[in-house]
1. Cβ-Cβ distance below 6 Å, separation of 6 or more or different chains: which pairs start in the stretch 519-544 with a residue that is open to solvent by 10 Å² or more (accessible area, probe 1.4 Å) and end on one that is aromatic (Phe, Trp, Tyr)?
2. How many residues does the stretch 91-130 hold that are under 17 Å from ALA172 (Cβ atoms) and either of a type in the set (Lys, Arg) or crowded, with 19+ Cβ neighbours inside 10 Å (or both)?
3. Please state which one of ILE640, ILE646, ILE656 is assigned to a loop (DSSP other than H, G, I, E, B) and among the aliphatic types (A, V, I, L, M).
4. Out of all the residues in the stretch 391-430, which are open to solvent by less than 50 Å² (accessible area, probe 1.4 Å) and part of a helix (DSSP H, G or I)?
5. Criterion first (β-branched (Val, Ile, Thr) and within 30 Å of LYS180 (Cβ to Cβ)) does ILE640 satisfy it?
6. Can you pull out the residues in the stretch 431-479 that are small (Gly, Ala, Ser), under 26 Å from the mean Cα position of the chain (by Cα) and open to solvent by less than 60 Å² (accessible area, probe 1.4 Å)?
7. Just the residues that are open to solvent by less than 50 Å² (accessible area, probe 1.4 Å) and either hydrophobic (A, V, I, L, M, F, W, C) or farther than 30 Å from GLU62 by Cβ (or both), please, taken from the stretch 311-341.
8. Would you be able to say whether some residue in the stretch 597-614 is open to solvent by less than 10 Å² (accessible area, probe 1.4 Å), part of a helix (DSSP H, G or I) and farther than 30 Å from ALA745 by Cα?
Amino acid sequence: MLLGRMALESRTIEDYRDDSLVWLSRRLNKGWSKPDWVSVNLTLKCNLACSFCKTCYPVRQELSTREIKDIIDQTYLWGVNRFNPIGGEPFVRGDLEEILAYACQKDFYITLTTNGTLITPKRAARIAQIAYNRLHFNISIDGPNPWHDMGRGEGNFDKAVRGYWNLREADAAAGNPLRKVYINAIINKLNLSDLPRFMAWCKDDLGVQGIQFLNLFRHGHRVDPDVQKLWLTEERWDELDEFVDYLIGFQNNEADANFSLANSVGDLENIKKYYRDELTPLDGKCYSGWKELYINADGMAIMCDGKLDFLNGSFGDIRQETLRELWRGDEIEKLRQNVKDCSTPCIQDCYLRRRSDSAVRIARGVGRLVYDQLKKKYTTRDVQAPIYADSVLSLQLSDTLDLETSWKRVPMERFKNLVSASPEPFAAVREDPFQFYEFRNRGYLQFNRGFLDFSVLKSIVEDAQRSDVVWGTLRLAWEGEPLLHPQVEEILAWLVEAWRSKPFAHRIEIPTNATLLNHNYCRITADAGDVPFTWVIEADAFDKDSYLAHHGEQLWDRVLDNVNFLLKEIQEKQPRQLRLILQDTVTAATGSDVTRFRDWWTEHLASYGIEPQVSAWGLPAGPGHWLHFRRADPPDLEGIRGARSIYGEALGALGITSEGPDDTERRTCASYWKTPTISWDGKVLLCTVDTQQTMKVSEVTTESLSEAWWTGDRLKQIREQVVREDFAGLNLCRGCNHPYSPNAASISAEELKQWEDAAG
């Protein structure tokens with residue numbers, strides 16, 4: 001079973017409210033609900049002349065860059081979740097990268113379909129500057145040659161493949177992780193026999209993450225003459241059935257995070273019916289006209305007319321009306337009625353929205369959700385969780401950084417979007433961290449997504465208290481700067497009272513670059529002398545020159561002022577449990593300066609009456625204040641070897657001779673037991689390495705963390721797999737080197753035995 005299928009679907013009151021509004025809108029033929037996505041044809045031009053394509057034709061005046069950006073702005077401000085740019089061939093537009101970057105900065109996740117032939121090294125380099133986890137590609141390749149070129153023109157197979165490799169090489173040069181790329185392949189009479197071999201080539205040679213099989217297009221029962229010669233007729237149906245059955249078997253048994261089909265099993269089954277002309281209208285209510293608002297390249301709003309002809313379904317012009325006006329106009333109501341009365345055979349199941357089909361089912365879902373929340377609140381659980389002193393529960397207070405560094409690679413687009421609406425530059429906050437409150441209260445910062453809801457944090461802590469679970473460390477950060485959260489002060493104050501009422505962790509750890517560390521945060525943690533707060537200051541510097549060497553801005557004076565206030569609080573109040581860890585991440589840029597870091601900070605801390613201890617390898621858990629030298633964690637083996645060598649030399653210069661973990665010995669990854677990671681939107685992930693959130697095992701919005709992590713069948717199955725070294729469905733874990741890092745938790749044979757005995 002695939003890991004992705006084992007996770008619960010997240011359903012909230014807001015989701016059910018949305019489902020109800022869509023149900024009511026369709027029933028009464030109104031546009032009261034928002035569309036699920038806004039699609040825009042960026043162009044109807046193409047550099048190819050594919051024999052089977054009827055999409056591309058000239059229009060009088062294509063939308064300009066400014067007009068498309070205005071549509072993106074309207075989509076974003078309307079609260080629509082998805083912006084979908086399509087074509088034509090999008091790379092015909094010279095401003096494509098500007099449009100894509102603009103959309104990604106608005107927090108849209110985009111999958112762009114292209115024939116790949118125009119992706120030059122120069123254009124790929126521009127693409128590489130756009131967040132890899134927000135922009136994905138589908139590249140159209142219809143099987144191996146000669147079949148691809150027979151349909152799309154001679155030489156275009158090689159050009160498409162070269163375009164793909166240009167993307168990969170540009171991302172690698174920019175230091176980006178692997179960007180998701182799928183292949184689109186149209187099933188037809190010419191390529192059918194070679195598609196199994198082609199699929200293996202896509203997986204093993206290209207290394208794409210998957211493939212989507214498409215059908216030749218037709219209008220209802222009519223097959224166009226240009227498509228007739230490629231159509232799969234009766235003598236090939238048995239071969240088609242055999243191939244489709246193979247795809248279904250692959251999707252059910254072998255598909256994983258590394259390679260899968262974009263087609264569902266239901267989609268695949270329909271391929272057989274499609275070429276036999278056995279399809280009936282959609283098996284379910286069609287929501288065309290309620291799920292998508294579609295703007296053509298000439299600015300006209302279009303939708304299905306009930307006979308699969310979108311151009312006949314025109315209902316307005318974006319140059320004359322806003323998206324919302326188009327969506328609620330009289331003309332679209334007529335077309336929506338056509339959709340409700342539709343009897344045309346159709347394979348476009350993307351217009352199904354089954355969760356809005358039944359008012360009764362929606363009401364039951366709401367009732368169940370309300371009951372589950374009340375049950376979670378009032379039920380005391382006997383979880384019997386193992387006690388792991390080195391366990392770390394990470395909560396992603398924020399998914400963005402406010403400062404680029406040489407060793408933290410979190411895309412900065414989120415931060416740029418956070419401050420994009422501010423009439424005042426963020427430099428005011430750099431000068432005075434208390435200005436953060438002013439920017440927050442005036443609405444200058446866009447806290448619309450990317451920040452863990454305070455109520456979710458409370459529910460996680462209260463669940464641990466009810467279940468008698470005590471974590472080793474509650475870490476208030478993952479892949480982002482926690483002090484960017486708009487309610488940090490309230491969170492810290494609440495954690496003080498919560499911990500005093502019943503401890504839920506041995507340590508409450510706050511990793512920060514300290515640019516936003518204001519006096520209030522320092523006072524709260526220093527005044528709570530009995531609460532085990534740990535400030536991990538990611539300093540990585542000891543003067544202005546060393547700071548600027550690997551930080552995006554010169555903020556040494558600000559950081560030092562903030563740290564000095566914390567030191568003053570520690571000196572005056574002598575909080576018994578509060579710890580300060582000043583961290584230096586040892587890289588090629590900092591390795592030669594470790595002794596200067598140690599000596600400068602030792603002398604500086606001494607001026608506040610603090611004598612720090614020095615630590616290496618894993619983050620120190622002992623009492624007192626520390627200077628910690630952290631090893632970097634590159635993902636690849638070559639990078640790890642380099643980091644190991646640099647780290648060894650640095651520790652030698654520091655006179656540290658203690659041995660770290662043996663990274664040559666086979667180790668069971670402790671993440672499955674010790675490092676649950678909660679994303680800002682409540683996903684429960686297995687470990688901190690999963691930055692793309694591919695291995696969700698639950699959601700704290702629908703299931704308590706204690707039950708999901710310690711008693712849930714999903715984690716039990718996964719742990720049993722890991723113990724026997726079976727990584728089916730855990731593809732991120734295959735070849736992962738994190739278990740051998742000094743920064744990773746470890747799990748001993750005795751601890752594994754303890755879990756096995758408890759789990760039965």
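The values are calculated or read from the model by the stated rules, or taken from the named source; none is laboratory data. Here the structure is a predicted model, which means the values were calculated and not measured. Neighbour counts run over all protein chains shown; Cβ positions are idealised from the backbone, glycine included. Calculation scope for accessible area: heavy atoms of the full protein, side chains included, ligands and nucleic acids excluded. Shrake-Rupley method; radii C 1.70, N 1.55, O 1.52, S 1.80 Å.
1. The qualifying pairs are HIS519/PHE565; PHE542/PHE597; PHE542/TRP600; LYS544/TRP556.
2. The total comes to 8.
3. ILE656
4. GLU413, ARG414, PHE415, ASN417, LEU418, VAL419, ALA428, VAL429, ARG430
5. Here the answer is yes, as ILE640 does meet what is asked.
6. Residues satisfying the conditions are GLY443, GLY450, SER459, ALA477.
7. Within the stretch 311-341, PHE315, ILE318, LEU323, LEU326, TRP327, ILE332, LEU335, VAL339 meet the criteria.
8. Within the stretch 597-614, not a single residue is open to solvent by less than 10 Å² (accessible area, probe 1.4 Å), part of a helix (DSSP H, G or I) and farther than 30 Å from ALA745 by Cα.
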